[in-house]
Each structure stands twice: as C-alpha cells, then as structure tokens.
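> Structure incoming, see below.
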C-alpha cells in the first residue's frame, strides 16, 4: 500500500507540474487553456507511455528476451511504411482506417522480425535486439526512400520523432483506447507471464500458446499504431519501464502490470516536462529526451544483465 | 498407462522416430536412456502432446493428448523441458504456483495454495519461496521447476534430462526425492537420463533408445546388460554389482 501511495504522490506531482508548465501563461482563460491544451497533453503523455511500456513487456515475454521492445522489432517502421502507402494510395481515408492499416502493418512487421528471430541461436541474448535494430533500419530506409521520392518527408519526420506539442483536445482521444487495451492485458496477465516460460513449458501448462501469443502481438500492434499516428514514435520506453520494474519487483505480471503501465506513463510525462522546461519557452521533443535517458539505461542493462537466458 | 502405436516423427525431411510401438505401465520411474540424438526428447514431447507425430498414435491414460482440450491434457501429463534455465525474476512460490494453472486458470483457491505448499515441502523449497529464480543456484533452480511440474498434480510427470548440470550430490538428492514421490503408485515418472548409473540406481523400468527406435525395454535389471548397453551406445561397458545394485562402468 505504501508503494501505491508513493507512486500516486509522484504521479500527482508530475501531473500538476505538467499542467502548469507551458509557453502560454495562465490568465483569465486558465480553465480554457487547461481544457484545450494542458490536460490533453498530460493525458496523452501518460497514455502513450503506459501503452509503450505494456507493449514492451508483452514483446519481451513473447521472445523471452528483456532487451527487446516494439521499436526493436521493426513495428513502428513497418507502421510508418503502411501509413505512407495509405497517404499515397488513399489520402482521404478516415483516421480509423489509417489506424487499422498502421496496426496491420506493425503486425506484419513484427511477424517478419519473429520469423528472423526464430532462426537465431538463443544463447546470446544480444543477437535479438541487434537483429531488431538492423531489421528496423532496413524497413525505415525503405520508408525514407518512398517519402523522399514522393515528397512526404515532412510526414515521416513527424512520425519518427514523437512529441506532444501538437496535442490538443479533439486530436489525441484515440489514445484512450490504450486504457481499454491495458484492461484487457490485465485480464490475461497470467497467460502473458506463462508465455515468458517458453513455448514447451507454456503448452505443458495447458496454455493455448499460439492464440495467446497472437493476442499479445495484436495488442502490441494496435498500441504501436495508436501512439505512432497520434503523437509519433518513442524509443526505449518499452524497454526501460518494464526492466526497471522487473529489477525491483520481479516478473509476476498479475502483480506488476499496473506498475509497469504507471511507470511508463510517468517516464514519458517526465520526458515531456523536461523537454518543455530545458529551453523554456522553446520545446525539445519528448522522444529526444527519452532517447538520451533510455540509451543510458539500456547501456546499464547491458552491463548488468545477461539478458533473459543463459546456459 | 501410456500406449504408443506405430509412432513416427519427422522434423522436416529428417526422420527422428521410426515406427515406435510400446507401452509404459503406470507407477514408479521409467528411465529413457540412449545416446545423443536417439530421439528421447522427441518421444517425450510426442507423449506429452507438444509435438504431433507424423503418423501413429499416443494414448495416455486412455486419452489422445492431441484431441482433448489443452486443459484436460495438462491435468493428465506434465512435461519439464530440458534446461529451462531462463533467468526469470519470478519468485519460487510464483513459479510453482503456475503448476496449478491448468486447475484454476487464474483464480486459485485454497486447495491450489495447499498443493503449492506441498510441492515446496516435497522439494525443500519452503525457505527459498520468496527468492527470485535468477538468484538461485543451478540445483535449486532445477528443483523449483520440477516442483512446478509436481504441483501440476498430473498422474504422469515427464522430465527431460533434469540432472543436467547438477553436481553428484544434487543429482542424487533429486533422484531420491523423485523415487520417494513415485512409490505410492499415484504418480508415474518418465525421465530422460544420461547417467546410466542414475537409471540403474533409481529407475524401476528402463527404455533404451537408439536412432529413433526402442532397442530394449524392461525392468531395469533386465535392460542393463553389457550386450544391450554396448549395442545402444556403441561403446563397451562393464557391469559390476555393488551392494546388490548394478553399476555400469565404461571400459
């Protein structure tokens, strides 16, 4: 209970800071400013962070490797590729349709990564993230080529570097779907934990392995698409939040999934606050702040952890 | 009883198991021995319903593990795969509790908690129950995984090389525990062993495999002959008797 009291105190402090920080100052229309901009922005950062952290832990359980997260499986790049193609072929498509295409593309991208990963020897935990970086790089390069050739670099840039300055009421509400997906993941938390025991063990326990894995990956794809289309891509959130929580609290997701979600939300909100404060009144994208911090934590993980498996 | 009839298994074009037909009676410990690549693990996976045979059938206590619901299968047979040495940060008690998952599917009741307690006691893990798996020694980790398999409370426990990476003391300790647990007839254990003397010392029955076929199967004393072992392992052995127990020495 003390844990949750502290967590909520910290969360409340971050929310108050986020609500009171920005280029515009509170005047007579403070309520309007809060409603239209500050509250949506704060909620967006929390929801996106929670979603990315949950997506991270699901991917880690599926591939049984702590050093992997959706952005190291080619999912965001594949999603961008899908969005670019939609923009070219059917520019007038409704947002829901674009989301669907983005999610399907992310799922395809991850399927490609998993097919590659299945052929890798599992002894070296570093191989999976390295192959993920290369794979994501290749898909990303295809995106850049298409965007360059079709004069869509501006779109691509907005997706690649996630930030929250454009979040306003009416422009971020899709992210609330993440709250529903988080609820769904909590319902199947035991199943996701069992996935992490490996296929043979999971199936021996009577888990429908293929179905559970598919459910997990679909959720990851939808979260990736929701975040990407609404606020852009953020590296490392899915890596950092689950790893810090696992270090501290263990791997039982029935207990820790809420903490992972809240931790991811706080991480991204903190990054956004730092990005707003550091060169006030100008802003640095939250993705940039997260990348600096996340890279540091990633290096620490590499140094301290042998990954998920060792002989 | 496990009944296997005309079972063949191919991994792609490579044949692994050839037309195996046999029965394994309930009760006690049945050891699967044989050289590397004999198909022991594959046979275990086929029996447990995890690898579908290319042809032939498996019946375990009368049920076909491939046609019954996953949950029913998981209440009949539990498999511990070879070296599940993942660096999990689950606590020992949490891991063992997952053995109850086929019974409660996420809503454990009192009986499940008691079964977990019994498994922790049976494998001397009570003191370690709050430790995370990645902080345990190899022997403790292996015990924790076997305790999970035990907590699954199935009439059949299939263990794939559980003595891997265990020192002699922990290997002996584990075999003694399994032997004790299989005496009442309610549990039947099929275990893949590389240490022939562990099989000689603790198994009631031995199935000797080579090149995807069963070479010999009988009560332990009958299978452990110099001729059979030489044929199975392609290397000469000497069979000694020590305090009434057979001891196998590679020549």
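> For residue A:9, which of the numbered conditions (1) touching a residue at least 40 places away in the same chain (Cβ under 8 Å); (2) assigned to a helix (DSSP H, G or I) fails to hold?
(1)
> Where residues in region B:117-136 are within 23 Å of residue A:195 (Cα to Cα) and over 20 Å from the mean Cα position of the chain (by Cα), which of them is nearest to the other protein chains (Cβ to nearest Cβ)?
Among those residues, the one meeting the criterion is B:132.
> Of the residues that sit in region B:70-90 and are facing chain A (nearest Cβ under 7 Å) and outside any loop (DSSP other than H, G, I, E, B), which one is nearest to the chain's Cα centre (by Cα)?
B:79
> Taking the condition buried (at least 24 other Cβ atoms within 10 Å of the Cβ) and closer than 30 Å to residue A:101 by Cα, does residue A:262 pass?
no
> Taking residue B:93, is it outside any loop (DSSP other than H, G, I, E, B), within 12 Å of chain A (Cβ to nearest Cβ), over 28 Å from residue B:140 (Cβ atoms) and touching a helix residue (DSSP H, G or I) at 6+ places or on another chain (Cβ under 9 Å)?
So residue B:93 fails the test.
> Check residue B:234 against each of (1) touching a strand residue (DSSP E or B) at 6+ places or on another chain (Cβ under 6 Å); (2) more than 18 Å from residue B:79 (Cβ to Cβ) and name the one condition it does not meet.
Against the list (1) touching a strand residue (DSSP E or B) at 6+ places or on another chain (Cβ under 6 Å); (2) more than 18 Å from residue B:79 (Cβ to Cβ), residue B:234 comes up short only on (1).
> Restricting attention to region B:49-69, report how many residues are facing chain A (nearest Cβ under 10 Å) and over 21 Å from residue B:105 (Cβ atoms).
1
> Now for a separate question. Just for helices (runs of 4 or more DSSP H) wholly inside region A:117-213: which have at least 2 residues that are over 25 Å from residue A:226 (Cβ atoms) and away from chain B (no Cβ under 14 Å)?
Result: A:127-149.
> A further question follows. Return the only residue of A:167, A:139 being in contact (Cβ under 8 Å) with a residue 40 or more places away in the chain, touching a helix residue (DSSP H, G or I) at 6+ places or on another chain (Cβ under 6 Å) and under 24 Å from residue A:118 (Cα atoms).
Within the list A:167, A:139, the selection yields A:139.
Residue-by-condition table, conditions (1) at pLDDT 85 or above; (2) farther than 22 Å from residue B:90 by Cα; (3) buried (at least 23 other Cβ atoms within 10 Å of the Cβ):
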| residue | (1), (2), (3) |
| --- | --- |
| A:257 | yes, no, yes |
| A:278 | yes, yes, no |
| A:286 | yes, yes, yes |
| A:301 | no, no, no |
| A:307 | no, no, no |
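> How many residues, within region B:183-195, are within 19 Å of residue B:24 (Cα to Cα) and over 12 Å from the mean Cα position of the chain (by Cα)?
Selection size over region B:183-195: 4.
> Could you grab me the full set of residues in region A:75-92 that are touching a helix residue (DSSP H, G or I) at 6+ places or on another chain (Cβ under 6 Å) and without any contact (Cβ under 8 Å) to a residue 60 or more places away in the chain?
A:82, A:86
> Also, I was wondering about something else. Quick one: count up the residues across region B:226-251 that are assigned to a loop (DSSP other than H, G, I, E, B), on the phi < 0 side of the Ramachandran plot and at pLDDT 90 or above.
Taking region B:226-251 and keeping what is assigned to a loop (DSSP other than H, G, I, E, B), we get B:234-236, B:243-244, B:251.
Okay, now just the ones that are also on the phi < 0 side of the Ramachandran plot, so B:235-236, B:251.
Cutting the leftovers down to at pLDDT 90 or above gives us B:235-236.
Looking only at that region, the number is 2.
The values are calculated or read from the model by the stated rules, or taken from the named source; none is laboratory data. As the structure is a prediction and not an experimental result, all values here were calculated from the model. Note that each Cβ is placed from the backbone with ideal geometry, even for glycine, and that neighbours are counted across all protein chains shown.
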